[in-house]
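Chemist: The structure under discussion is supplied below as structure tokens; questions concerning it will follow.
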Amino acid sequence: MNEAEKTIKRIQAQKGVEGVIVVNAEGIPIESNLDHQRTLHYTYNFQQLLARTQRVMKDLDPQNEATLLDIQTEKNNILVSTDKDYFMIAMKNSREGP
Amino acid sequence: MAEVEDTLKRIQSINGVIGTIVVNAEGIPIRSTLDNSTSVQYAGLLHQLTMKARGTVRDIDPQNDLSFLRIRSKKHEIMVSTGGL
């Protein structure tokens, strides 16, 4: 298992973490511990939101860009982390874990 | 109203806080510690983005709702509290 896979497994094993999806530059989920339908649904939705967020950040300051989107909802917490081409979505149940 | 002002002052006095804006349901800044054009720009863009984020959350689960949004960027961090709006 390479370094990336180890890190993903470690995050997935954290208490309260319900799902982790890694999406590549083409927008294709390359790693997920959720079922296919949910994976695609989340990927599509958060890719759109992330793209929108980046446009907002560029509008505010062309030299800046978002690196993390932390979405807190009533039921859970969704973290969208991005770097260069890839992005990762992690869903955490807010009642458990850190 | 005094309570709102006190809360704003308290947030603004926290170390590292660059600006605080209170935005109404139409995306218009009603209170701000920043200059007018910056406030209007941030309020408008972030209001729209927050609505989009809320839509995304509801799309995934209609029973769920957005309560807080945090955008970390290379230079700083923007925190949006929806407070029921």
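The values are calculated or read from the model by the stated rules, or taken from the named source; none is laboratory data. The structure presented is a predicted model; accordingly, all values stated were derived computationally and were not measured. Positions of Cβ are backbone-derived with ideal geometry, glycine not excepted, and every protein chain shown enters the neighbour counts. Each accessible area value is taken on the protein alone, full model and side chains, heavy atoms only, with ligands, DNA and RNA left out. Shrake-Rupley method; radii C 1.70, N 1.55, O 1.52, S 1.80 Å.
Chemist: Look through A:Ile78, A:Ile8 and report the one residue that is under 24 Å from B:Gln63 (Cβ atoms), open to solvent by less than 40 Å² (accessible area, probe 1.4 Å) and under 13 Å from the mean Cα position of the chain (by Cα). Break it down into steps so the answer makes sense when it comes.
Modeler: On the way: A:Ile8 fails: under 24 Å from B:Gln63 (Cβ atoms).
Going through A:Ile78, A:Ile8 in turn, the sole match is A:Ile78.
Chemist: Looking at this structure, is B:Thr7 surrounded by 15 or more Cβ atoms within 10 Å (Cβ to Cβ) and of a type in the set (Ser, Thr, Tyr)? Spell out the reasoning first.
Modeler: Values: surrounded by 15 or more Cβ atoms within 10 Å (Cβ to Cβ): no; of a type in the set (Ser, Thr, Tyr): yes.
No.
Chemist: From A:Thr53, A:Thr67, grab the single residue that is outside any strand (DSSP E or B) and modelled with pLDDT of 95 or more. Break it down into steps so the answer makes sense when it comes.
Modeler: Values: A:Thr67 fails: outside any strand (DSSP E or B).
Just a single option satisfies the conditions, and that option is A:Thr53.
Chemist: Can you tell me which condition B:Pro62 does not meet? The list is (1) within 13 Å of the chain's Cα centre (by Cα); (2) more than 14 Å from A:Thr53 (Cα to Cα), and all the others hold.
Modeler: Answer for B:Pro62: the failing condition is (1).
Chemist: Return the only residue of B:Ala25, B:Ala53, B:Ala2 being away from every other protein chain (no Cβ under 14 Å) and touching a Leu at 6+ places or on another chain (Cβ under 7 Å). Even if it seems obvious, please write down each step before you answer.
Modeler: Details: B:Ala53 fails: away from every other protein chain (no Cβ under 14 Å); B:Ala2 fails: touching a Leu at 6+ places or on another chain (Cβ under 7 Å).
Of B:Ala25, B:Ala53, B:Ala2, the one residue that is away from every other protein chain (no Cβ under 14 Å) and touching a Leu at 6+ places or on another chain (Cβ under 7 Å) is B:Ala25.
Chemist: Among (1) over 19 Å from B:Leu69 (Cβ atoms); (2) at the interface with another protein chain (Cβ under 7 Å from one of its Cβ atoms), which single condition is A:Pro62 missing?
Modeler: A:Pro62 satisfies all of (1) over 19 Å from B:Leu69 (Cβ atoms); (2) at the interface with another protein chain (Cβ under 7 Å from one of its Cβ atoms) except (2).
Chemist: Specify the residue that is most open to solvent (accessible area, probe 1.4 Å); the eligible residues are those in the range A:11-47 that are part of a helix (DSSP H, G or I) and within 12 Å of A:Phe87 (Cβ to Cβ). Outline the logic, then answer.
Modeler: Initial filter on the range A:11-47 (part of a helix (DSSP H, G or I)): A:11-12, A:36-47.
Now restrict to residues that are within 12 Å of A:Phe87 (Cβ to Cβ): A:42-43, A:46-47.
Working: A:Tyr42: 16, A:Thr43: 5, A:Phe46: 1, A:Gln47: 62 Å².
Out of the qualifying residues, it is A:Gln47.
Chemist: Anything in the range A:49-58 that is open to solvent by less than 80 Å² (accessible area, probe 1.4 Å) and either more than 7 Å from chain B (Cβ to nearest Cβ) or in contact with an Asp or Glu (Cβ under 8 Å, 6 or more places away or on another chain) (or both)? List them, or say none. Write out each step before concluding.
Modeler: Taking the range A:49-58 as the starting set, the residues that turn out to be open to solvent by less than 80 Å² (accessible area, probe 1.4 Å) are A:49-54, A:56-57.
If the condition is that a residue be open to solvent by less than 80 Å² (accessible area, probe 1.4 Å) and either more than 7 Å from chain B (Cβ to nearest Cβ) or in contact with an Asp or Glu (Cβ under 8 Å, 6 or more places away or on another chain) (or both), then A:Leu50, A:Ala51, A:Gln54, A:Met57 are the ones that fit.
Chemist: Can we say B:His76 is within 9 Å of chain A (Cβ to nearest Cβ), under 30 Å from A:Gln47 (Cβ atoms) and open to solvent by less than 80 Å² (accessible area, probe 1.4 Å)?
Modeler: On the way: within 9 Å of chain A (Cβ to nearest Cβ): yes; under 30 Å from A:Gln47 (Cβ atoms): yes; open to solvent by less than 80 Å² (accessible area, probe 1.4 Å): yes.
Criteria met by B:His76.
Chemist: Here's another thing I want to ask about it. Look at B:Lys52 and say whether it is at pLDDT 95 or above and in a loop (DSSP other than H, G, I, E, B).
Modeler: Values: at pLDDT 95 or above: yes; in a loop (DSSP other than H, G, I, E, B): no.
It is false that B:Lys52 is at pLDDT 95 or above and in a loop (DSSP other than H, G, I, E, B).
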